[in-house]
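Trainee: Here it is, the structure, as structure tokens.
The values are calculated or read from the model by the stated rules, or taken from the named source; none is laboratory data. Please read these numbers as outputs of a predicted model, since none were measured by experiment. Cβ sites come from the backbone with ideal geometry, for glycine too, and all protein chains shown count toward neighbours.
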Number of protein chains: 2
Amino acid sequence: MFEKSVYLKRRAELLARLKGQSGIAVFIGNVDAPAQYRDNCYKWRQNSTWLYYFGIDEPRFAATVDLESGEETIYADDFTIDDIIWMGPMPSVKSLAESVGVSHSAPYAALDQAVSEAKAKGRQIHAIPAARYYNEMKQRSLGIDQASEPLIRAIVSQRLVKDALEIAEIDKACNLGYEMHTAARNGIRVGRIEQEIVGEMEAVTLAKGWGPSFPTILTQHGEIFHCHTHECIIEPGKLMVIDAGAESNSHYASDFTRTYPTSGRYSARQRDIYQLVYDCNELAFSLTRPGITYREVHLAVAARMLEGLKALDIVRGDVDSMVADGIAGLFMPHGLGHNMGLDVHDMEDLGEDLVGYDDDQKRSTQLGLRSLRMARRLVPGNVVTDEPGIYFIPALIGQWKKEAKDGGCVNYSKLETYFDFGGIRIEDDVLVTPDGARRLGDKRLPASPDEVEEAMAA
Amino acid sequence: MFEKSVYLKRRAELLARLKGQSGIAVFIGNVDAPAQYRDNCYKWRQNSTWLYYFGIDEPRFAATVDLESGEETIYADDFTIDDIIWMGPMPSVKSLAESVGVSHSAPYAALDQAVSEAKAKGRQIHAIPAARYYNEMKQRSLGIDQASEPLIRAIVSQRLVKDALEIAEIDKACNLGYEMHTAARNGIRVGRIEQEIVGEMEAVTLAKGWGPSFPTILTQHGEIFHCHTHECIIEPGKLMVIDAGAESNSHYASDFTRTYPTSGRYSARQRDIYQLVYDCNELAFSLTRPGITYREVHLAVAARMLEGLKALDIVRGDVDSMVADGIAGLFMPHGLGHNMGLDVHDMEDLGEDLVGYDDDQKRSTQLGLRSLRMARRLVPGNVVTDEPGIYFIPALIGQWKKEAKDGGCVNYSKLETYFDFGGIRIEDDVLVTPDGARRLGDKRLPASPDEVEEAMAA
């Protein structure tokens with residue numbers, strides 16, 4: 001938890017952004033999420049919006065903010081003697097509330113009454129979308145059927161711009177992510193089981209942080225984006241995609257991807273594609289600065305990628321037309337990046353479009369571009385990922401060929417020789433600064449083909 | 001997943017145990033549990049009852065079993081091309097269903113129809129209690145207001161007795177737990193942060209198993225049972241309680257506790273209490289055999305504990321009377337043990353009393369004994385934990401003294417000198433065999449005071 005003044009300032013700022021709105025805003029913190037049964041839960045994780053405004057890192061807290069009077073109340077139950085036996089001495093709700101600058105507190109059940117009284121008076125109830133099933137049930141029981149767009153917009157506009165305190169925390173998470181990836185890279189050896197590397201890598205963030213910031217991707221099938229099984233033996237000559245990050249003890253995320261040659265050196269064919277992805281990553285970073293939209297950066301990367309694939313005779317034709325036709329989506333069916341902060345996809349629970357798109361932007365329907373989570377015009381304090389990738393996905397390529405979706409620009413006979421290739425992604429975390437951008441964390445993970453091979457040989 | 005025949009046999013057995021019941025049984029598997037938002041979920045964990053009868057280790061599956069006709073249907077959705085891009089080639093629902101011996105399959109949404117048709121015909125709907133919030137919502141939406149006691153009883157009676165296949169899996173989980181604890185013990189050094197040991201220990205099960213079987217307890221405050229923060233620096237002369245276990249890749253649990261002297265050797269005062277807890281653990285193991293109730297074993301431990309505390313002049317009076325008066329609860333406010341299997345507290349979601357108590361047993365209201373999760377008469381194939389502990393909990397002692405709850409048998413002036421002591425617990429996992437009991441896992445973790453000190457010196 002930060003100093004009390006941090007939360008007072010954040011809530012005052014939120015209230016100012018909501019000036020003119022009437023009613024009350026309701027914030028419902030998380031409860032423990034059962035893994036097996038109510039007493040065997042997953043590792044505790046507080047709701048990020050709650051953490052941002054109220055900081056208290058304990059389950060079963062809620063709060064209301066009166067948008068007109070500014071009155072704030074925190075709802076939670078004090079501990080009984082039984083709780084103290086099982087969980088040790090705990091501070092009172094009142095003292096926790098005071099530690100984040102909230103002077104009123106009440107039992108958890110009083111939230112129901114506060115909301116129903118406000119509703120009875122015809123007042124508006126503002127809430128964010130429920131990210132977890134418990135919160136969905138709780139909101140339903142409170143009669144909150146719909147999230148409040150004004151509240152979401154106010155929160156998004158505020159949380160999109162990270163202040164110095166937050167940037168320092170993200171730097172810490174990135175340093176921990178650097179250590180995780182270093183441990184993983186050092187563990188890659190033909191004949192080991194993938195899961196062993198996962199364990200060694202996650203140990204780093206469990207030992208020094210909150211844990212992984214999302215379920216680790218570590219796979220010799222980089223073309224499968226959400227591959228969460230790690231049973232395979234590491235084979236020679238493969239590419240291993242490792243997409244993993246740390247959550248710091250203050251709950252800020254990092255998110256890095258590197259793609260390693262399992263034998264320590266890239267083959268000529270692997271190196272060609274790797275170099276191209278690396279060039280795309282570098283291009284994106286060089287373009288990232290206030291004033292440009294991240295959609296423009298994504299499209300510049302798409303153009304660079306298609307140029308490179310054209311040089312390899314995998315696609316043929318005019319690059320600009322291919323960009324316009326969304327051909328890059330066949331090779332990179334995801335977006336260039338997303339916002340990052342307290343969440344690894346920051347505020348994704350608030351709605352991808354409201355978080356990642358300006359009012360004058362419309363989300364594309366093209367494969368790849370439609371998955372771009374962050375398209376906004378950049379301002380200093382934005383934190384985004386830069387994560388281009390090239391994948392050869394037999395099922396997708398087969399579908400495009402069958403449906404002639406490429407308009408004739410794809411050289412399928414060449415492309416089909418890549419069916420056993422897998423995929424490559426290179427991802428860094430980037431802060432938009434007043435005059436450009438900075439890669440977060442003290443040191444950058446080895447990224448160029450030479451740097452990676454050198455690090456693996458060390 | 002095991003062979004198809006395992007699931008066919010288990011379901012046939014269940015159906016036989018439900019002979020005479022009418023209607024359909026509904027099994028709802030887990031869905032992914034969001035940690036931050038719907039796309040950033042906790043590590044996938046299937047529902048244990050589902051795993052036991054249907055084995056398919058994928059989210060968003062459900063099944064019905066017609067208790068009269070025996071007809072079985074699995075409900076799940078096949079993957080789209082988009083799913084395949086993100087998650088790779090996946091077997092069809094039909095082939096997954098066939099792999100566990102179920103010949104009918106239908107889309108997930110068809111479950112709603114199947115249940116409402118059955119209800120319309122006035123048929124009974126049997127379901128187990130919802131362990132997670134999603135399942136609670138789903139059951140509500142299906143109009144299932146109440147769990148079925150006949151179904152719970154049939155499942156409990158079956159799952160309480162582990163067969164050779166399950167015992168082999170629990171042995172594996174115990175071997176992994178042995179490795180975890182060995183890594184932890186080797187990591188204890190004054191000056192380190194507790195969290196570092198947690199990371200090193202959890203790495204073992206992440207590298208070779210599914211992960212920890214429950215949130216790790218690792219604390220120099222053993223008197224706080226559910227202490228899940230690990231921020232403290234390891235101090236000299238303290239006792240460190242480590243209660244942690246592994247979940248194997250087949251989802252069976254282990255659960256061990258050891259209490260280490262942070263400086264490598266127990267002080268004389270620590271050794272006295274440690275020896276007593278060790279004697280209680282040994283006594284419980286020696287009594288564990290078919291025919292005895294685990295309640296009797298708990299009470300024998302309570303007597304042994306009070307004898308030892310009497311020898312230390314912490315309590316005074318007749319041991320049998322003190323046992324009857326529940327005085328042991330002041331020192332061990334938890335039960336001696338619980339069932340273990342696919343869940344670390346096996347089947348706790350099905351209701352503690354139906355799982356842990358015979359029909360002719362009544363749960364106690366005494367502190368300690370009332371928390372006994374497993375009280376049943378033992379039969380071969382039961383797997384239970386043996387986990388006595390002695391704790392000095394200032395808040396609890398203060399409450400007993402103030403309310404004179406001890407009837408005069410507690411020597412508070414002596415007891416209060418233990419306020420800085422902490423707590424000690426020693427826990428093994430035990431299989432009830434036809435002629436006695438066996439500690440699970442190939443090797444027992446060092447347990448006696450000498451064994452522990454020797455292991456720490458190594």
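Trainee: Check whether at least one residue in segment A:76-95 is within 14 Å of chain B (Cβ to nearest Cβ), more than 30 Å from B:Asp346 (Cα to Cα), within 26 Å of the chain's Cα centre (by Cα) and not charged (D, E, K, R), and report yes or no.
Mentor: no
Trainee: Please go through segment B:165-219 and pick out each residue that is at the interface with another protein chain (Cβ under 8 Å from one of its Cβ atoms), assigned to a helix (DSSP H, G or I) and aromatic (Phe, Trp, Tyr).
Mentor: Those that are at the interface with another protein chain (Cβ under 8 Å from one of its Cβ atoms), assigned to a helix (DSSP H, G or I) and aromatic (Phe, Trp, Tyr): none in segment B:165-219.
Trainee: Same structure again: Please verify whether segment B:143-155 includes one or more residues that are of a type in the set (Gly, Ala, Ser), in a helix (DSSP H, G or I), outside the structural domain of B:Gly20 (by TED's automatic domain parsing) and buried (at least 19 other Cβ atoms within 10 Å of the Cβ).
Mentor: Scanning segment B:143-155 turns up no residue that is of a type in the set (Gly, Ala, Ser), in a helix (DSSP H, G or I), outside the structural domain of B:Gly20 (by TED's automatic domain parsing) and buried (at least 19 other Cβ atoms within 10 Å of the Cβ).
Trainee: Looking only at segment A:276-314, count how many residues are crowded, with 22+ Cβ neighbours inside 10 Å and of a type in the set (Phe, Trp, Tyr).
Mentor: The qualifying residues number 1.
Trainee: Which condition does B:Lys162 not pass, out of (1) closer than 30 Å to B:Ile242 by Cα; (2) assigned to a loop (DSSP other than H, G, I, E, B); (3) of a type outside the set (Ser, Thr, Tyr); (4) within 14 Å of chain A (Cβ to nearest Cβ), if it passes all the others?
Mentor: Of the numbered conditions (1) closer than 30 Å to B:Ile242 by Cα; (2) assigned to a loop (DSSP other than H, G, I, E, B); (3) of a type outside the set (Ser, Thr, Tyr); (4) within 14 Å of chain A (Cβ to nearest Cβ), the odd one out for B:Lys162 is (4).
Trainee: Somewhere in segment B:56-78, is a residue touching a Gly at 6+ places or on another chain (Cβ under 9 Å), outside any loop (DSSP other than H, G, I, E, B) and of a type in the set (A, V, I, L, M, F, W, C)?
Mentor: yes
Trainee: Keeping to segment A:384-408, report how many residues are of a type outside the set (A, V, I, L, M), in contact with an Asp or Glu (Cβ under 7 Å, 6 or more places away or on another chain) and within 11 Å of another protein chain (Cβ to nearest Cβ).
Mentor: Of the residues in segment A:384-408, 2 are of a type outside the set (A, V, I, L, M), in contact with an Asp or Glu (Cβ under 7 Å, 6 or more places away or on another chain) and within 11 Å of another protein chain (Cβ to nearest Cβ).
Trainee: All but one of (1) modelled with pLDDT of 95 or more; (2) crowded, with 19+ Cβ neighbours inside 10 Å; (3) among the hydrophobic types (A, V, I, L, M, F, W, C); (4) more than 28 Å from A:Gly291 (Cα to Cα) hold for A:Leu372; state the number of the condition that does not hold.
Mentor: So A:Leu372 meets the others, but not (4).
Trainee: How many residues are of a type outside the set (A, V, I, L, M, F, W, C) and closer than 20 Å to A:Ile390 by Cβ if we restrict to segment A:233-256?
Mentor: 4
Okay, residues lined up against (1) at negative phi; (2) in contact with a strand residue (DSSP E or B) (Cβ under 7 Å, 6 or more places away or on another chain):
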site: A:Glu403; (1), (2): yes, no
site: A:Gly407; (1), (2): no, no
site: A:Thr417; (1), (2): yes, no
site: A:Ile424; (1), (2): yes, yes
site: A:Glu427; (1), (2): yes, yes
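Trainee: Oh, and also: Residues being surrounded by 23 or more Cβ atoms within 10 Å (Cβ to Cβ) and closer than 20 Å to A:Gly237 by Cβ: count how many of those fall in segment A:195-207.
Mentor: 1
Trainee: Restricting attention to segment B:228-241, which residues are in contact with a helix residue (DSSP H, G or I) (Cβ under 7 Å, 6 or more places away or on another chain) and facing chain A (nearest Cβ under 9 Å)?
Mentor: B:Glu231 - this is the single residue of segment B:228-241 that is in contact with a helix residue (DSSP H, G or I) (Cβ under 7 Å, 6 or more places away or on another chain) and facing chain A (nearest Cβ under 9 Å).
Trainee: Looking only at segment B:266-288, how many residues end up being free of Cβ contacts under 8 Å to residues at least 60 places away in the same chain, farther than 22 Å from B:Val430 by Cβ and assigned to a helix (DSSP H, G or I)?
Mentor: The qualifying residues number 2.
Trainee: In the list B:Tyr133, B:Tyr75, B:Tyr108, which residue meets the criterion of being crowded, with 22+ Cβ neighbours inside 10 Å, of a type in the set (Ser, Thr, Tyr) and outside the structural domain of B:Glu247 (by TED's automatic domain parsing)?
Mentor: B:Tyr75
Trainee: Further question: Would you tally the residues in segment B:233-265 being in contact with a Ser or Thr (Cβ under 6 Å, 6 or more places away or on another chain), outside any strand (DSSP E or B) and either at pLDDT below 95 or on the phi < 0 side of the Ramachandran plot (or both)?
Mentor: Residues flagged as in contact with a Ser or Thr (Cβ under 6 Å, 6 or more places away or on another chain), outside any strand (DSSP E or B) and either at pLDDT below 95 or on the phi < 0 side of the Ramachandran plot (or both) within segment B:233-265 amount to 5.
Trainee: When you check A:Arg140 against the structure, is it at the interface with chain B (Cβ under 10 Å from one of its Cβ atoms), farther than 17 Å from B:Gly211 by Cα and not in a loop (DSSP other than H, G, I, E, B), yes or no?
Mentor: Here the answer is yes, as A:Arg140 does meet what is asked.
Trainee: Hey, can you tell me all the residues within segment B:111-130 that are surrounded by fewer than 22 Cβ atoms within 10 Å (Cβ to Cβ) and aliphatic (A, V, I, L, M)?
Mentor: Of everything in segment B:111-130, those that are surrounded by fewer than 22 Cβ atoms within 10 Å (Cβ to Cβ) and aliphatic (A, V, I, L, M) turn out to be B:Ala114, B:Ala118, B:Ala120, B:Ala130.
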